[in-house]
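Asks: Can you keep this structure in mind? I'll have questions shortly.
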Amino acid sequence: MKSYPIEIGGVKRELPVVQVGDGVAVALLNLLGDTELTEAVAEEMAKRLPEGIEVLVTPEVKAVPLAHALSRITGLPYIVARKTAKPYMIQPVTREVLSITTGKPQLLVLDGTDIAKINGKQVAIVDDVVSTGSTLKGLRELIESVGGKVGAVMAVFTEGTPRDDVIALGHLPLFNPEEA
Amino acid sequence: MVTMETYPIEIGGVTRHVPLHEPFPGVRLPLVEFLGDIEFVRAVASELTNRVPEDTDLIVTAETSPIPLAHELAAARDLSYIVVRKRRRPYMVDPLIQEVESLTLGAGEVLWLDRRYTERILNKNVVLVMDVVASGGTMQALERLVHRAGGRVTKRLAGFHQGNGAEGIETVAELPML
């Protein structure tokens, strides 16, 4: 199986190249379970976080340990935008986005109790990989709809087309499925 | 203005006044949230760290809310961990699939473990970690999954226990049903 080498803060990994849809394969970054890489990424990201950011917002699931570690290092609170509305949420706010990895509509949900922590604040969105940016767009709209200002978008990697609206630690190419 | 009843929980000097959730009339449950609360997660993790056996190779948990706790425990003990997913992901190849037998949920939840991770579990000593356990159904399903992947579960740890059941799981504190 083909793999793609990365290095962040001295931590090296070989990312497996896996097919995720017709005609496209990606280098699969999974921070879930990799405490060493997650902590190294959080250290590097903390150095690049712009001044004035007051709160971190991350989409469920794969960036949760990263947001947790970044929050511990910076002292900034973090909020997780969930993929489903939970029965215990109070007046949740939702946005629908089209997920590129699954091709299905995907909900992003903020618990009403988290809105006060975002309203009027400078927010940094924290994600693992920004590819087409559909999750990013939905998350940005969601944050702005509850009165937050998106001051920065932080990602481990951009993927496919490089983009200048994201502060990333690196860039991942897309692959042909034959390479997977 | 909405006023909300809360219930105080204190772990290792960290106190949270958590909201009460009423899943059905007459029963109210304190609602513990690990996502987004570093200080609380670290307090719970520090109570559990010493209960992770010396010979542990790996921590296994389920998405999503126990992830920060698993991360803290793993970091404290210099271990890696595996997050079993609740939805099939497109990149999974030949995943292990395990149904959760749950009395409370009715509709069965399903756990997914990418085949890539099963070889990391083979012949390993595994500690299972959850945030809150009630019937223990998810923990049981995790245990079967680890067993099917050829690993040994040496300890079952959770932050909190709520309700009846869940024998064999060590927790930091009990959450009452009010």
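The values are calculated or read from the model by the stated rules, or taken from the named source; none is laboratory data. Since the structure is predicted, the reported quantities are computational estimates derived from the model, not experimental observations. FYI the Cβ positions are ideal-geometry reconstructions off the backbone, even for glycines, and counts take in every protein chain you see.
Asks: With the structure loaded, tell me whether A:Pro59 is in contact (Cβ under 8 Å) with a residue 60 or more places away in the chain, touching a helix residue (DSSP H, G or I) at 6+ places or on another chain (Cβ under 7 Å), buried (at least 16 other Cβ atoms within 10 Å of the Cβ) and closer than 16 Å to A:Val156 by Cα or whether it fails that test.
Replies: Values: in contact (Cβ under 8 Å) with a residue 60 or more places away in the chain: yes; touching a helix residue (DSSP H, G or I) at 6+ places or on another chain (Cβ under 7 Å): yes; buried (at least 16 other Cβ atoms within 10 Å of the Cβ): yes; closer than 16 Å to A:Val156 by Cα: yes.
For A:Pro59, the condition - in contact (Cβ under 8 Å) with a residue 60 or more places away in the chain, touching a helix residue (DSSP H, G or I) at 6+ places or on another chain (Cβ under 7 Å), buried (at least 16 other Cβ atoms within 10 Å of the Cβ) and closer than 16 Å to A:Val156 by Cα - is met.
Asks: Among the residues of segment A:7-49 satisfying the criterion of being farther than 19 Å from A:Glu60 by Cβ and acidic (Asp, Glu), which is farthest from the other protein chains (Cβ to nearest Cβ)?
Replies: A:Glu7
Asks: Continuing with this model, one more query. Of all residues in segment B:35-49, which are part of a loop (DSSP other than H, G, I, E, B) and more than 9 Å from chain A (Cβ to nearest Cβ)? Show your work before the answer.
Replies: Filtering segment B:35-49 down to residues part of a loop (DSSP other than H, G, I, E, B) leaves B:35-37.
Within segment B:35-49, none qualify.
Asks: To continue, here is another question. Residues being among the hydroxyl-bearing types (Ser, Thr, Tyr), part of a helix (DSSP H, G or I) and within 26 Å of A:Leu32 (Cβ to Cβ): count how many of those fall in segment A:105-148.
Replies: Of all residues in segment A:105-148, those among the hydroxyl-bearing types (Ser, Thr, Tyr) come to A:113, A:131-132, A:134-135, A:145.
Among the residues that remain, those that are also part of a helix (DSSP H, G or I) are: A:113, A:134-135, A:145.
From what is left, the residues that are within 26 Å of A:Leu32 (Cβ to Cβ) are A:113, A:134-135.
Total satisfying the criteria: 3.
Asks: Kindly indicate the residue of segment A:78-98 that is facing chain B (nearest Cβ under 9 Å) and crowded, with 19+ Cβ neighbours inside 10 Å and also modelled with the lowest pLDDT among those meeting that condition.
Replies: Filtering segment A:78-98 for residues that are facing chain B (nearest Cβ under 9 Å) and crowded, with 19+ Cβ neighbours inside 10 Å, the one modelled with the lowest pLDDT comes out as A:Arg82.
Asks: In addition: Pairs needed: first member in segment B:24-52, at pLDDT below 95; second member anywhere, of a type in the set (D, E, K, R); C-beta distance under 6 Å; at least 6 residues apart or different chains.
Replies: Within 6 Å, the pairs are B:Arg28/B:Glu22; B:Phe34/B:Asp131; B:Ile38/A:Arg72.
Asks: For the subset of segment B:65-99 comprising residues that are assigned to a loop (DSSP other than H, G, I, E, B) and either touching a Leu at 6+ places or on another chain (Cβ under 7 Å) or among the aliphatic types (A, V, I, L, M) (or both), which member is nearest to the other protein chains (Cβ to nearest Cβ)?
Replies: Step one: of segment B:65-99, the residues assigned to a loop (DSSP other than H, G, I, E, B) are B:65-66, B:77-79, B:86-95.
Now drop any that are not either touching a Leu at 6+ places or on another chain (Cβ under 7 Å) or among the aliphatic types (A, V, I, L, M) (or both), which leaves B:65, B:79, B:86, B:91-93, B:95.
Values: B:Ser65: 9, B:Leu79: 7, B:Lys86: 9, B:Tyr91: 4, B:Met92: 9, B:Val93: 7, B:Pro95: 13 Å.
Applying the filter and picking the extreme gives B:Tyr91.
Asks: Please find, within segment A:18-54, the residue that is nearest to A:Gln122 (Cα to Cα) out of those that are more than 19 Å from the chain's Cα centre (by Cα) and at pLDDT 95 or above.
Replies: So, considering only residues that are more than 19 Å from the chain's Cα centre (by Cα) and at pLDDT 95 or above, the one nearest to A:Gln122 (Cα to Cα) is A:Gly52.
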